[in-house]
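Below is one structure, written out as structure tokens, with a few remarks after it.
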Amino acid sequence: MTTEASQTVEPTVTQITSDSHEAVYRVHAPEVGLTGFIALHSTCRGPAAGGLRMRPYASEDEALTDVLRLSEGMSYKNAAADLPLGGGKAVIIGDPATRKTPALLKSFARAIEGLGGRYWTAEDMGMSPSDMAVLRGETQYVAGLSDGAFASGDPSPVTARGIFNAIRIGARHRFGSEDLAGRRVAVQGLGNVGWNLCGLLAEAGASLIVTDVEPARVARTVTNFGAEAVASDAIYGAEADIFAPCAIGAILNARTIPQLKVKLVAGGANNQLETAADAALLQARGILYAPDYVANGGGIINVASEILRIHNTGPWVAGRLEALVDTMDGLLARAAREGRSPALIADAMMAERLLPIAAE
Ligand code: NAD
């Protein structure tokens, strides 16, 4: 390899003014086809942490809107897990299948390194563990590595454990008992998270109704856990007690909520509510909603163990998951007392956790 070929292109990093976020940067290196953004929503709890996403956004405006929204969401998710981390996110514009090159990733990594640890990145849509290893060559501020001293590996089993706990707490609030034996749970999405969750639910004696757009994933869940399979859209009207969305976002909306027969929704997918009004729709139907970013906080807890360089990961992760249970329990109790949607209560509670600690 020539020296020239192995040289990393330094990107131009320009700060963009923002009223809502602590700092937002545009990262540009036309030589390697790179245009992206890094947004730090809040660092009042600690360094901003959140994944790097690559998508063929139609415009820079669309990418900027996404990074602002996602980084704010990370502030709330990290606060819900009570981690000493703030909220951040990064996006790169382009189709990862055709535009993602080591040169582009390395150049972006130089921008992350230049922030000196105010932002920690990890894998998100369009990225893989091997891409994280490429970034690691240029910046120390990357987590989600598959090897190394503090590598946290696949977060999905921890995410699934957190969702399982959320289902149990939700069941206690909605049905008066955490016991899931004999409960019918409808699971949408049988990928990394859904599959692990199905294992835990089956072990607890729940019966499963499942769906996925990939027939092989459905087949293995039917074979391994005796699940009943239904077509994609039939999951909303499934005769079940609990619905666990573990596939995509925006699936709780004006079209799907009227179909639900369940009394509790608790799952791992991000951004399950299509609009804020959908929280009220669920509430009006007497369906208890376990806020997604609290239920799925196990993933970020797992990643945080790497960022925070935790030595004895097992007990630390277990302790954080217990704290997440307390948070969910507390917010569901408050929602019941105040007769308001848990989604609104969660946002209010996390906004308080994001207030800078007042100087003595
Ligand atoms: P995954 O890609 O491994 O699995 C998603 C599954 O959903 C796939 O099997 C896919 O075929 C299926 N799917 C897609 N569209 C569907 C549809 N319309 N109906 C039914 N099935 C559909 O992803 P994952 O890692 O299991 O994550 C699942 C969700 O949980 C995502 O929303 C993700 O953002 C969120 N999440 C994941 C983690 C984690 O640790 N992996 C942490 C927090 C949040």
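The values are calculated or read from the model by the stated rules, or taken from the named source; none is laboratory data. The structure presented is a predicted model; accordingly, all values stated were derived computationally and were not measured. Positions of Cβ are backbone-derived with ideal geometry, glycine not excepted, and every protein chain shown enters the neighbour counts. Areas reflect the complete protein model, heavy atoms only, side chains present, ligands, DNA and RNA absent. Shrake-Rupley method; radii C 1.70, N 1.55, O 1.52, S 1.80 Å.
So, in Å, what gap is there between the alpha-carbon centers of region 1-75 and region 150-225?
After rounding, the separation between the Cα centres reads 34 Å.
How much mean residue ellipticity at 222 nm does the chain get from its helices, if each DSSP H run of length 4 or more adds -39500 (n - 2.57) and you divide by all residues, to the nearest 500 deg cm²/dmol?
Mean residue ellipticity, 222 nm, calculated: -13000 deg cm²/dmol.
Give, rounded to the nearest 20 debye, the magnitude of the charge dipole that the chain has about its Cα centre when Lys and Arg contribute +1 at Cβ and Asp and Glu contribute -1 at Cβ.
So the dipole magnitude of the chain works out to roughly 640 debye.
Summarise the accessible area of the chain (1.4 Å probe, protein heavy atoms) by the percent that is carbon and sulfur. Present the calculation step by step, with values, prior to reporting the outcome.
Working: 7860 of 15300 Å².
C and S fraction of accessible area: 51 percent.
Helix 342-353 against the longest principal axis of the chain: what's the angle in degrees, Cα atoms only, rounded to the nearest 10?
With rounding to tens, the tilt is 40 degrees.
Please say if region 94-156 is rounded, prolate or oblate, where rounded means a/c under 1.5 for a ≥ b ≥ c the square roots of the C-alpha gyration tensor eigenvalues, and otherwise the choice is prolate for a/b larger than b/c and oblate otherwise?
Values: a/c = 1.81, a/b = 1.11, b/c = 1.63.
In terms of gyration-tensor shape, oblate.
Give the distance, in whole Å, between the Cα centre of region 282-297 and the Cα centre of region 321-351.
One Cα centre to the other: 10 Å.
Under 5 Å between amide H atoms, partner at least 5 residues away or on a different chain: which partners does Ala23 have, H built in plane at 1.01 Å?
Leu40
Could you provide, to the nearest whole Å², the per residue accessible area of region 115-238 with probe 1.4 Å?
Details: 5180 Å² over 124 residues.
That works out to 42 Å² per residue.
Taking the simple approach of a point 7 Å from Cα along Cα-to-Cβ for both Phe175 and Cys44, what is their distance in nm?
Distance between label points: 3.9 nm.
Placing +1 on the Cβ of each Lys and Arg and -1 on the Cβ of each Asp and Glu in the chain, which of Ile235, Gly298, Pro315 has its Cα farthest towards the positive end of the resulting dipole?
The Cα lying farthest towards the positive end belongs to Ile235.
Any idea what angle helix 60-80 forms with the longest principal axis of the chain, computed on alpha-carbon atoms, 0 to 90 degrees, nearest 10?
Helix 60-80 sits at roughly 60 degrees to that axis.
What lysines could a cross-link reach from Lys100, if we take a straight Cα to Cα line under 22 Å and drop same-chain neighbours fewer than 8 places away?
Lys89
Going by amide H atoms built from the backbone, whose H comes under 5 Å of the H on Val210, apart from near neighbours?
Residues meeting the criterion, in which the H sits 1.01 Å from N, are Val187, Glu228, Ala229, Val230.
Using a Gaussian network model of the chain whose springs link C-alpha atoms within less than 10 Å, name the residue from Thr223, Thr327, Thr121 with the highest mean-square fluctuation.
Thr223
Could you work out the relative contact order of region 189-270? I mean the mean sequence separation of Cα pairs under 8 Å and 6+ apart, divided by the number of residues, in percent.
On the way: 116 pairs, mean separation 24.4, N = 82.
Relative contact order comes out at 30 percent.
Tell me, Kirkwood radius of the chain from alpha-carbon pair distances, in Å? Each step should come with its number before you reach the end.
Working: mean 1/r = 0.0475 Å⁻¹.
Roughly 21.1 Å, rounded to one decimal.
Tilt of helix 313-338 relative to the longest C-alpha principal axis of the chain, in degrees (0 to 90, nearest 10)?
Taking Cα atoms only, the helix is inclined about 60 degrees.
Which percent, to the nearest 5, of DSSP beta bridges fully inside the chain are antiparallel? Before the final figure, lay out each step's value.
Numbers: 18 of 44 bridges.
Around 40 percent of the beta bridges assigned by DSSP in the chain are antiparallel ones.
Which value, in Å², gives the accessible area per residue of region 1-110 when a 1.4 Å probe is used on the protein heavy atoms?
Per-residue accessible area for region 1-110 comes out at 43 Å².
What percent does the relative contact order of region 37-87 come to when contacts are Cα pairs within less than 8 Å and at least six residues apart?
Details: 67 pairs, mean separation 28.0, N = 51.
Computed value for region 37-87: 55 percent relative contact order.
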